[in-house]
1. What shape does segment 123-195 take by its C-alpha gyration tensor, where a ≥ b ≥ c are the square roots of the eigenvalues and a/c under 1.5 counts as rounded, a/b above b/c as prolate, and the rest as oblate?
2. Is there a pair in LYS106/LYS413; LYS396/LYS424; LYS243/LYS408; LYS168/LYS225 whose C-alpha atoms are over 21 Å apart, and which pairs would that be?
3. With label points built 7 Å along Cα→Cβ from the Cα atoms of ARG90 and ASN241, find their separation and express it in nm.
4. Tabulate in residue order the Karplus-calculated ³J(HN,Hα) for segment 362-378, using 6.51 cos²θ - 1.76 cosθ + 1.60 with θ = phi - 60°, rounded to whole Hz; enter x for Gly and Pro.
5. Spelling out what I want: for every residue of segment 391-403, take phi, set θ = phi - 60°, compute 6.51 cos²θ - 1.76 cosθ + 1.60 (Karplus), and round to whole Hz; glycine and proline get x.
6. Kindly rank 167-175, 133-141 from highest to lowest mean number of other beta carbons found within 10 Å of each residue.
7. Between LEU109 and GLN374, what is the label-to-label distance in nm when each label sits 7 Å out along the Cα-to-Cβ direction?
8. Rounded, prolate or oblate: which one fits segment 184-245, using the alpha carbon gyration tensor with axes a ≥ b ≥ c (rounded when a/c is under 1.5, else prolate when a/b beats b/c, else oblate)?
Amino acid sequence: MAEDNADHGELKDVEEDSSSASENESERPAPTPSSSSPVPQPPTANNSATKAASALIIAANDKAGMEGIDRERINSILLRESGNSTFMQRQRKMDENTNRKIDEMKKRLQSKDSMASNNWRREIEHSTIEPLLQNFRRQRRPTSTCVVIDMDGFFISCHTMLNPNLAKIPACVGGIGMISTSNYVARKYGVRAAMPGYLGKALVDELSGGKESLTFVKSDFELYKRKSAETRAVLEEYDPNLKMYSLDEAYMDIGPYLEVQLLNQKGDLSHGDIQEQLLAKPNSIAEGQASAPEGKNEKYSSNQLPKKEIHELFPLCTIHDAAKALLHSIRKKVKDTTGLTCSAGLASNFLLAKIASDMNKPNGQYFVGPSEQQILGFVNPLSIRKVNGIGRVMEKTLRGVCGIDTVKDLYNKRAEVHYLFKQKS
């Protein structure tokens, strides 16, 4: 979820480090606001009106570092400052179109209920949806080795490396027209990506009581590309086939690396040796046909090569403990090499890993086990907005038509969703 595509591919954000690779690194204390952080004030506008205004102005989901912000006061400032601007008029028009679509879909659903049998939902669930779910279950990996790496506040962090003073003040990359990312100091004032810069400036000015002002930093894509290349070079040591669809996010499978590492019971393979093995035949490890790099035969005896899947050779707890430790070391190497921190998700598929990468920011990692119970325990409570591809309009539509707020709601209303939306949606 790239800073909601506010700029050339910056996805999410994170930062800070934990010395332990255990579990989800979730016991890190929350950042303590500075004395200049905004102090909660009574709301100054009608609650429902200000929430609606905020929904119109902010197309992106909340980012890390925005916990505990005074939403009502922020919303009232956004409403006042936006007024009847061209931007706000355009947003209202888009919202009116969404409202019309919601009304039409409600009528379709009512018509279906009045004309069809009372069991039409159950029929769709059993005849159409359940076979799809069974197919997905069969395809699910038995281990969690899919990783999504997400650089922390990538654009602004690159500039902060060059100018450390930016870490102490509210700052963002962008201009008066639009913000592409903000630092954690600015986020405490409600400033975030995909927000017009003039609104961010107003928030900092008013909520700080004039003690602070928002600093705008000009984009430098040559800098971002250089730091992204440095990051990629580190990550490719662990998965030479990784994919990067933006400058600050990588999709990796650390399974092959783990197989070589775990099968090396003597412990005499260095990171460089494992890297050579992956490069020699990058797709052969899982197939049990790996060949030894030249001159390394004494370390890669054939009886070490897997004849079975890795989960058949080692207990899942052993595999996943090794995976979490490896991911921690990868993140540490990224920090040591580039000076930048990253967060990561570790799961049995990349969709889950993507969501998980947002759970322990900044500079943390989150593990989702591969069993159905573990997966449902993770996703069911989540807001549907956490699911990649569900944006502001789809969120409002699902809530308005079906009363869907969480992933569990989405499952419970699966028949209605299947009936109302095209398969592509």
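1. Note, shape of segment 123-195 comes out prolate.
2. Values: LYS106/LYS413 14 Å; LYS396/LYS424 18 Å; LYS243/LYS408 30 Å; LYS168/LYS225 25 Å.
Those over the limit are LYS243/LYS408; LYS168/LYS225.
3. Rounded to a tenth, the inter-label distance reads 4.2 nm.
4. Each residue of segment 362-378 in turn: x, 6, x, 9, 9, 10, 10, x, x, 6, 4, 4, 5, 5, 5, x, 7 Hz.
5. For segment 391-403, the Karplus-derived couplings read x, 4, 5, 5, 4, 5, 5, 4, 5, x, 8, 10, x Hz, x marking Gly and Pro.
6. Output ranking for 167-175, 133-141: 167-175, 133-141.
7. About 3.4 nm separates the two model spin labels.
8. On the way: a/c = 3.50, a/b = 2.98, b/c = 1.17.
Taking the square roots of the gyration eigenvalues as a ≥ b ≥ c, segment 184-245 is prolate.
The values are calculated or read from the model by the stated rules, or taken from the named source; none is laboratory data. Since this is a predicted model, take the numbers as computed values, not measurements. Every residue, glycine as well, gets a Cβ built from its backbone with ideal geometry; the counts of neighbours run over all protein chains shown. Areas reflect the complete protein model, heavy atoms only, side chains present, ligands, DNA and RNA absent. Shrake-Rupley method; radii C 1.70, N 1.55, O 1.52, S 1.80 Å.
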